[in-house]
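The values are calculated or read from the model by the stated rules, or taken from the named source; none is laboratory data. All values reported here derive from a predicted model rather than from experimental measurement. Cβ placement follows ideal geometry from the backbone for every residue including glycine, while neighbour counts extend to all protein chains displayed.
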Amino acid sequence: MTAHAPIAAPLDLRGQFPAIGPGWHYLDSAATAQKPQAVIDAITTAYARDYATVHRGVYQRSAEMTGRFEAARAATARFIGGQPDELVFTRGATEAINLVAQRFQNGTRKRVLVSQLEHHSNIVPWQLAGYALDVVPLSADGRIDLDAAERMASEDHAVIALAHVSNVLGSVLDAPRAAQIARKAGAALLLDGCQAAPRLPVDVAALDCDFYAFSGHKLYGPTGIGALWGKADRLADMAPWQGGGAMIDRVTFAETTYLDAPARFEAGTPHIVGAVGLHAAIDWVEGIGRDRLHAHEAALAAAAREALRAMNDVTLYGPDDSAGIVSFNVDGVHAHDVGTILDDAGVAVRAGHHCAQPLMDHLGVAATARASFAAHGGPDDVEALVDGLKRVKRIFR
């Protein structure tokens with residue numbers, strides 16, 4: 001392996017992840033995180049011993065599970081500095097952004113300001129809802145250019161919708177400044193927190209956003225559960241999106257009235273055990289500390305960038321202080337081929353457009369390979385990545 005500075009990676013958590021066996025290096029946490037045993041146990045127990053419906057049953061187990069479900073809501077809200085009545089459970093960040101796109105209204109404004117690096121889930125929902133998009137460019141090192149955003153933001157924009165952390169470049173948004181820009185323009189600020197929530201301390205009050213969306217499965221929790229946090233007045237002004245049980249006050253054939261938020265946005269039986277698993281994941285992350293997690297992952301990403309920069313014919317994307325994410329290409333080799341050869345070497349990375357095709361167009365590439373680090377990562381992951389890329393170069397040279 002190419003020599004580089006020692007990796008400051010003090011966490012030793014791999015033993016808590018049963019899916020990560022010897023000789024396998026999982027570097028795709030930006031897509032979905034592996035689950036620690038504590039989360040797996042919480043999910044198993046909830047199904048095997050404690051399961052019942054919520055909000056409907058008068059029997060004891062239903063009441064107990066309802067308590068656990070609402071405790072998960074309170075913990076999820078507290079995790080990002082919000083209140084329980086501001087926290088809507090969704091299937092994930094995608095559904096959360098779709099909910100806002102379909103139901104939030106800001107007068108007659110029909111434009112949304114997004115950036116060049118957004119995930120498709122922060123592009124397509126706005127298009128489906130009939131908004132026109134204006135695109136903020138990036139700085140040379142892959143950050144959202146907020147100077148340009150300030151010049152572009154206007155009274156025509158209903159929402160400014162930006163990634164808190166890029167899922168491709170790992171660049172971190174100056175969210176408080178984005179909030180100032182939104183306030184000046186009279187727009188709401190929505191932050192896609194999928195990559196930020198698992199690793200950065202998040203306080204929605206300090207960020208001064210109007211909406212914050214994130215997914216449980218990237219936060220070491222189960223799939224199919226996520227959250228939309230919204231300021232209470234914003235949620236109160238939004239009509240229900242889907243109809244059914246649990247979100248109603250009274251139903252007649254002539255008229256239906258609805259419950260207040262968050263219940264009005266949670267039609268049907270929710271992902272009960274998903275919420276329990278998300279609560280367990282949040283407890284696990286908070287037990288370690290997001291400051292420690294961020295420092296750990298950032299150190300591994302920095303070491304990987306240093307090692308890859310020293311290799312000939314490897315192009316890196318994004319800023320040097322990327323938040324646990326390293327996207328790259330090997331010159332003359334398609335990212336899919338890189339990913340396949342790395343897989344043969346026991347290294348799992350993502351290869352493709354990462355649901356960010358406009359960003360790929362901006363970078364002038366069809367795809368990139370992406371290594372993303374997590375709590376269970378260690379120096380050996382960086383070494384395996386570099387050794388795997390040496391194999392790629394041997395095969396294609």
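Some points to look at:
- Taking the range 321-397 as the region of interest, the strands (runs of 3 or more DSSP E) fully inside it that hold 1 or more residues being among the polar types (S, T, N, Q) and more than 20 Å from Arg14 (Cα to Cα) are 325-330, 368-372.
- The residues of the range 85-135 that are over 20 Å from the mean Cα position of the chain (by Cα) and among the basic types (Lys, Arg), listed by number, are Arg103, Arg109, Lys110, Arg111.
- Of everything in the range 136-157 that is under 23 Å from the mean Cα position of the chain (by Cα), surrounded by 16 or more Cβ atoms within 10 Å (Cβ to Cβ) and not basic (Lys, Arg), the residue that is farthest from Ala371 (Cα to Cα) is Ala149.
- Top-ranked residue in the range 330-351 [being surrounded by fewer than 20 Cβ atoms within 10 Å (Cβ to Cβ), under 19 Å from Arg309 (Cα atoms) and not hydrophobic (A, V, I, L, M, F, W, C); ranked as farthest from the chain's Cα centre (by Cα)]: Gly332
- Cβ-Cβ under 8 Å pairs, at least 6 apart or on other chains, the range 368-383 side over 13 Å from Leu308 (Cβ atoms), far side part of a helix (DSSP H, G or I) and of a type in the set (S, T, N, Q): His376/Gln16
Every residue, every condition in (1) outside any loop (DSSP other than H, G, I, E, B); (2) in contact with a Ser or Thr (Cβ under 9 Å, 6 or more places away or on another chain), yes or no:
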position	(1), (2)
Arg234	yes, no
Ala239	no, no
Ala246	no, yes
Asp249	yes, yes
Ala261	no, no
Val273	yes, no
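- Within the range 75-133, the set of residues being more than 24 Å from Gly216 (Cβ to Cβ) and hydroxyl-bearing (Ser, Thr, Tyr) comprises Thr108, Ser115, Tyr131.
Table: residues versus (1) more than 18 Å from Ala197 (Cβ to Cβ); (2) crowded, with 23+ Cβ neighbours inside 10 Å; (3) of a type in the set (Lys, Arg).
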position	(1), (2), (3)
Ala263	yes, no, no
Ala275	no, yes, no
Ala281	no, yes, no
His294	no, no, no
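- If you go through the range 124-153 and keep only what is farther than 16 Å from Leu169 by Cβ and in contact (Cβ under 8 Å) with a residue 40 or more places away in the chain, you end up with just Ala153.
- Number of the exception - Ala19 against (1) of a type in the set (A, V, I, L, M); (2) under 25 Å from the mean Cα position of the chain (by Cα); (3) surrounded by 14 or more Cβ atoms within 10 Å (Cβ to Cβ): (3)
- Inter-residue pairs, beta-carbon under 6 Å, first assigned by TED's automatic domain parsing to the domain that holds Val365 and at positive phi and in the range 317-333, second assigned to a loop (DSSP other than H, G, I, E, B) and not basic (Lys, Arg), 6+ apart: Gly318/Gly142; Gly318/Leu169; Gly318/Gly170; Gly318/Ser171; Gly324/Phe373
- Applying the criterion of being hydrophobic (A, V, I, L, M, F, W, C) and in a loop (DSSP other than H, G, I, E, B) to the residues of the range 36-62, the residue that is surrounded by the fewest Cβ atoms within 10 Å (Cβ to Cβ) is Val58.
- Within the range 42-64, tally of residues that are under 26 Å from Gln16 (Cβ atoms) and touching a residue at least 12 places away in the same chain (Cβ under 8 Å): 6
- Verdict on Gly186 being crowded, with 23+ Cβ neighbours inside 10 Å, over 12 Å from the mean Cα position of the chain (by Cα), farther than 27 Å from Asp28 by Cβ and not aliphatic (A, V, I, L, M): no
- Any hit, the range 122-132, residues being surrounded by fewer than 17 Cβ atoms within 10 Å (Cβ to Cβ), part of a strand (DSSP E or B) and modelled with pLDDT of 95 or more: yes
- Within the range 63-76, being of a type in the set (A, V, I, L, M, F, W, C), farther than 28 Å from Leu293 by Cβ and either outside the structural domain of Val273 (by TED's automatic domain parsing) or surrounded by fewer than 17 Cβ atoms within 10 Å (Cβ to Cβ) (or both) holds for one residue alone: Ala63.
- Contacts under 6 angstrom Cβ, first residue in the range 79-105 being at negative phi and assigned by TED's automatic domain parsing to the domain that holds Arg234, partner among the polar types (S, T, N, Q) and outside any helix (DSSP H, G or I), 6 or more apart: Ala93/Ser215; Ala96/Thr90
- Residue check for Leu207: buried (at least 23 other Cβ atoms within 10 Å of the Cβ) and either within 27 Å of Lys35 (Cβ to Cβ) or of a type outside the set (Val, Ile, Thr) (or both): no
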